[in-house]
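This report refers to the structure that appears directly beneath it.
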Amino acid sequence: MSEDRLETLRLALRAFAAEREWEPFHTPKNLAMALAGEAGEVIEHFQWLTAEQSAALDPARREAVALELADVLLYLVRLADVLEVDLGAAAMRKIAINAERYPAARARGRAEKYDRL
């Protein structure tokens, strides 16, 4: 997602909450809990599926997962906004950190955590 789209989304969510006077409820704690709940709803769609089944969702389930993923993204963007975190910049910093932790030469084809490479 481009930074422009992320910023557009952030501003749209801010306006959405303001129109409903939801700012008092959009505390970091509440938003983090809602984010976790929505992530759980994504997980529900994959519970008990094999790896193969999870990669070949039927169109109806794929659409349901898409909407749950959107919920996760929306709460994440709103939480970042409330905390005044530049989500795009933070993500780029994290990629740089992970590049150091998981050098391609050592991590390629391996699923171990960085301290076990």
statement: Counting only protein heavy atoms and rolling a 1.4 Å probe, one gets per residue an accessible area for the chain in Å² of 74
message: In whole percent, and with a 1.4 Å probe on the protein chains, what portion of the accessible area of the chain is carbon and sulfur?
response: 59
- request: Provide the gained length on full extension for the span residue 90 to residue 115, in nm with one decimal, where the gain is 0.36 nm per separating residue minus the Cα-Cα distance.
  value: 6.8 nm
message: Using each residue's phi in the range 88-97, evaluate 6.51 cos²θ - 1.76 cosθ + 1.60 at θ = phi - 60° and report the 3J(HN,Hα) Karplus result to the nearest Hz, with x for Gly and Pro.
response: x, 5, 4, 5, 5, 4, 5, 4, 5, 4
- line: For the range 55-60, in residue order, the Karplus 3J(HN,Hα) values (coefficients 6.51, -1.76, 1.60; θ = phi - 60°; whole Hz; Gly and Pro = x) are 8, 10, 5, 6, x, 5
Nearest-20 debye value, the chain charge dipole, Cβ charges on Lys, Arg, Asp, Glu: 680
task: For residue 108 and residue 33, calculate 0.36 nm times their separation in residues minus their Cα-Cα distance, and state this gained length in nm to one decimal.
output: 23.6 nm
message: In whole Hz and in residue order, list the ³J(HN,Hα) couplings for the range 35-40 that follow from phi through the Karplus curve 6.51 cos²θ - 1.76 cosθ + 1.60, θ = phi - 60°; x for Gly and Pro.
response: 4, 4, x, 5, 4, x
message: Principal axis extents for the chain, Cα atoms only, whole Å, descending order, please.
response: 49, 36, 26
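The values are calculated or read from the model by the stated rules, or taken from the named source; none is laboratory data. Bear in mind that the values here come from a model prediction, so they are computed numbers and not experimental data. Every residue, glycine as well, gets a Cβ built from its backbone with ideal geometry; the counts of neighbours run over all protein chains shown. The protein model used for the area step is the full one, side chains on, heavy atoms only, and it has no ligands, DNA or RNA in it. Shrake-Rupley method; radii C 1.70, N 1.55, O 1.52, S 1.80 Å.
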